[in-house]
Amino acid sequence: MFGGLSFMLDNRMIMSVRRDGSLLVRVDPDRSSELLSVPGARPAVMGANRSMGPGWLTVAAEGLTTEQQLTDWIEVALQHHQAAT
């Protein structure tokens, strides 16, 4: 459905690794503007440029060149998941 391998926690998707190496990350919508300043991050879109809303970001593979960058995005997704439950 999201074009990659999705990771679920408590029956909710928190992240998806796409075929092109990018991530689709579920984030706290209140942090969306802040997180968009991270290199490689952009608003997530589906289909013909339809926004997925402020709770979803795409992180380009170029913004995931170190293990720490990936770990940081996993933490962002997990923090939002914990706060939303």
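For beta carbons closer than 6 Å, sequence separation of 6+ or different chains, a first residue in the stretch 50-63 that is over 10 Å from SER22 (Cβ atoms) and a second that is part of a helix (DSSP H, G or I) and of a type in the set (S, T, N, Q), the qualifying pairs are PRO54/SER32. For the stretch 31-72, enumerate the residues that are among the aliphatic types (A, V, I, L, M), surrounded by 11 or more Cβ atoms within 10 Å (Cβ to Cβ) and over 23 Å from ARG12 (Cβ atoms). Matches in the stretch 31-72: ALA60, ALA61. Just give me the residues in the stretch 1-40 being in contact with a Phe, Trp or Tyr (Cβ under 7 Å, 6 or more places away or on another chain) and either of a type in the set (Ser, Thr, Tyr) or touching a residue at least 60 places away in the same chain (Cβ under 8 Å) (or both), in sequence order. If the condition is that a residue be in contact with a Phe, Trp or Tyr (Cβ under 7 Å, 6 or more places away or on another chain) and either of a type in the set (Ser, Thr, Tyr) or touching a residue at least 60 places away in the same chain (Cβ under 8 Å) (or both), then ILE14, MET15, SER16 are the ones that fit. Looking across the stretch 43-55 at every residue that is assigned to a strand (DSSP E or B) and touching a strand residue (DSSP E or B) at 6+ places or on another chain (Cβ under 7 Å), the one that is modelled with the highest pLDDT is identified as PRO43.
What about THR58, is it modelled with pLDDT of 95 or more, in a strand (DSSP E or B) and of a type in the set (S, T, N, Q)? Considered against the rule, which asks whether it is modelled with pLDDT of 95 or more, in a strand (DSSP E or B) and of a type in the set (S, T, N, Q), THR58 comes out as yes.
The values are calculated or read from the model by the stated rules, or taken from the named source; none is laboratory data. These numbers come from a predicted model, not from an experiment. Cβ coordinates were reconstructed from backbone atoms using ideal geometry, including for glycine residues, and neighbour counts include every protein chain displayed.
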